[in-house]
Amino acid sequence: MTLSPSQIYTVEAVDLSTASDDVIRELSGLHNEIARERVPEDPPVPFEVFATRVRNRPKLMRMRDWLARAPDSRVVARGFVVRYEADTNQHLREASIEVLPAHRRRNIAKMLFREIVAAGETDGIVIEFFTNDRVPSGVEFLKRVGAKEKLTGHMNQLALSEVDRAMVRDWAAIDPAGYRLAWIDAEVPAELMRNVIVAYDTMNTAPRGETAMDDWNTTPEQIRDWDRSRRATGRERRLVLAIHNATGETAGYTELIYDPNVPHVIWQQGTAVVPAHRSQGIGKWIKGAMLERALRDWPAARLVRTGNADSNAAMLAINTRLGFKPAWAQSIWEIGITDARRYARGS
Ligand SMILES: CC(C)(COP(=O)(O)OP(=O)(O)OC[C@H]1O[C@@H](n2cnc3c(N)ncnc32)[C@H](O)[C@@H]1OP(=O)(O)O)[C@@H](O)C(=O)NCCC(=O)NCCS
């Protein structure tokens, strides 16, 4: 008698905010094995770093996790789905499935996909997955499932040893008349909360391709939730706002995140200039000022990484001149819940 994968492998739901060290250690090992395939140039993420991150996720990020075990009870795959608690985009779910290479093509991803679909309570839901060109199996799986590629982009990377420091200094000195910079390293102070909300909401003007994502309306509660989560994980942040002196309004911003326990890489978060303030050099100014700060504050860092849509000509124009180069291609894929249920049912 041949056993089906569901008789050999078992899938279980886990709550990572309360899971034991043993379970998180297993998942951390899985994470590093999968990462070795996708980013072999990166060192493994230490267990303690992985554990504090999964135990201190933002509260408004509603996450469900599953893991799959082999007959010897070893964790060989994981899946998760996220909904962000907000007043918009409640139809959107972000999901991921990862299976160890030695256990692929045994329907484990399909078992995890069924859990993700079953968690999608209502009609109208759209599930998003992310792929990259270093691991082609993700694309093949998503094509089979019936998902469609909706936004293509790249992870772009800047080698800090190669940065043209004279150019960065020039950009940091652009200092357009009528604007000032305001730096936020720790929690967002009450007096700048409104400015930060405008800054984050300006990311709504970045290209979203054919995705089903609508505009987000950032709230103080969300910002405090992200700040709390970041602080609990020991990650550092540099946020700079360009402020229009005459009105006190936000003209633009850029933000970096750095984990001293993962010291080689700085992660670029959003960069946006409010449309009414574009074409005055504010984008170059804030990026130059921020890079100078990062080079000074985080001397152990070797790289800055940033994900950009390929269609984002304005951002790429700045990043390319700074020396960012494509490291890998990545895409967002989407599938509606009706199509997802059809595949999950096996028809
Ligand atoms: C993508 C991934 C999760 C698939 O895991 P898996 O357990 O091998 O997939 P399954 O065995 O459950 O396959 C499910 C279906 O996809 C198809 N499929 C999976 N990988 C495939 C591949 N490389 N080429 C062609 N078809 C593939 C299977 O044939 C199967 O089709 P069926 O329903 O007709 O039987 C796995 O390759 C992986 O972990 N990749 C790295 C992480 C990643 O890229 N994730 C992105 C997607 S979320």
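The values are calculated or read from the model by the stated rules, or taken from the named source; none is laboratory data. None of these values were measured; they are calculated from a predicted model. Cβ coordinates were reconstructed from backbone atoms using ideal geometry, including for glycine residues, and neighbour counts include every protein chain displayed. Surface areas here come from the heavy atoms of the whole protein model, side chains and all, with no ligands, DNA or RNA. Shrake-Rupley method; radii C 1.70, N 1.55, O 1.52, S 1.80 Å.
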Among strands (runs of 3 or more DSSP E) entirely inside region 110-195, those with 2 or more residues being among the polar types (S, T, N, Q) are 126-132, 148-159
Do we find that residue 106 is assigned to a loop (DSSP other than H, G, I, E, B), within 6 Å of the ligand (Cβ to nearest atom) and modelled with pLDDT of 95 or more in this structure?
yes
Filter region 295-347 down to the residues that are more than 20 Å from the chain's Cα centre (by Cα) and acidic (Asp, Glu), then identify the one that is most open to solvent (accessible area, probe 1.4 Å).
339
Please go through region 136-154 and pick out each residue that is in contact with a strand residue (DSSP E or B) (Cβ under 9 Å, 6 or more places away or on another chain), under 24 Å from residue 65 (Cβ atoms) and of a type outside the set (S, T, N, Q).
138, 139, 141, 142, 145, 146, 147
Output yes when any residue across region 156-166 is within 16 Å of the ligand (Cβ to nearest atom) and surrounded by fewer than 20 Cβ atoms within 10 Å (Cβ to Cβ), and no when none is.
no
If we keep only residues of region 109-126 that are within 21 Å of the chain's Cα centre (by Cα) and more than 10 Å from the ligand (Cβ to nearest atom), then the residue least open to solvent (accessible area, probe 1.4 Å) is 125
Taking residue 245 as the residue in question, decide whether it is away from the ligand (no atom under 16 Å from the Cβ), of a type outside the set (Asp, Glu) and within 30 Å of residue 113 (Cα to Cα).
no
Cβ-Cβ below 6 Å, separation at least six or inter-chain, first residue in region 86-113 and without any contact (Cβ under 8 Å) to a residue 40 or more places away in the chain, second more than 7 Å from the ligand (Cβ to nearest atom) and open to solvent by 30 Å² or more (accessible area, probe 1.4 Å): which pairs?
93/83; 96/80
Tell me whether region 88-97 contains one or more residues that are crowded, with 16+ Cβ neighbours inside 10 Å, within 12 Å of the ligand (Cβ to nearest atom) and among the small types (Gly, Ala, Ser).
yes
Select from region 133-154 the residues that are near the ligand (Cβ under 7 Å from one of its atoms) and under 18 Å from the mean Cα position of the chain (by Cα) and write down the one among them that is farthest from residue 212 (Cα to Cα).
135
Just one of the numbered conditions (1) near the ligand (Cβ under 10 Å from one of its atoms); (2) open to solvent by 10 Å² or more (accessible area, probe 1.4 Å); (3) over 15 Å from residue 8 (Cα atoms) is not true of residue 79; which one?
(2)
By residue number, the members of region 39-58 that are in contact (Cβ under 8 Å) with a residue 60 or more places away in the chain and exposed (fewer than 14 other Cβ atoms within 10 Å of the Cβ) are 43, 46, 48
Of the residues in region 98-108, those that are surrounded by 21 or more Cβ atoms within 10 Å (Cβ to Cβ) and of a type outside the set (A, V, I, L, M) number 1
Going by the conditions given, is residue 68 in contact with a helix residue (DSSP H, G or I) (Cβ under 6 Å, 6 or more places away or on another chain) and part of a strand (DSSP E or B)?
yes
Could you check residue 124 against (1) more than 17 Å from residue 329 (Cβ to Cβ); (2) without any contact (Cβ under 8 Å) to a residue 60 or more places away in the chain and say which number it fails?
(2)
Mind checking which residues of region 127-140 are touching an Asp or Glu at 6+ places or on another chain (Cβ under 7 Å) and surrounded by fewer than 18 Cβ atoms within 10 Å (Cβ to Cβ)?
135
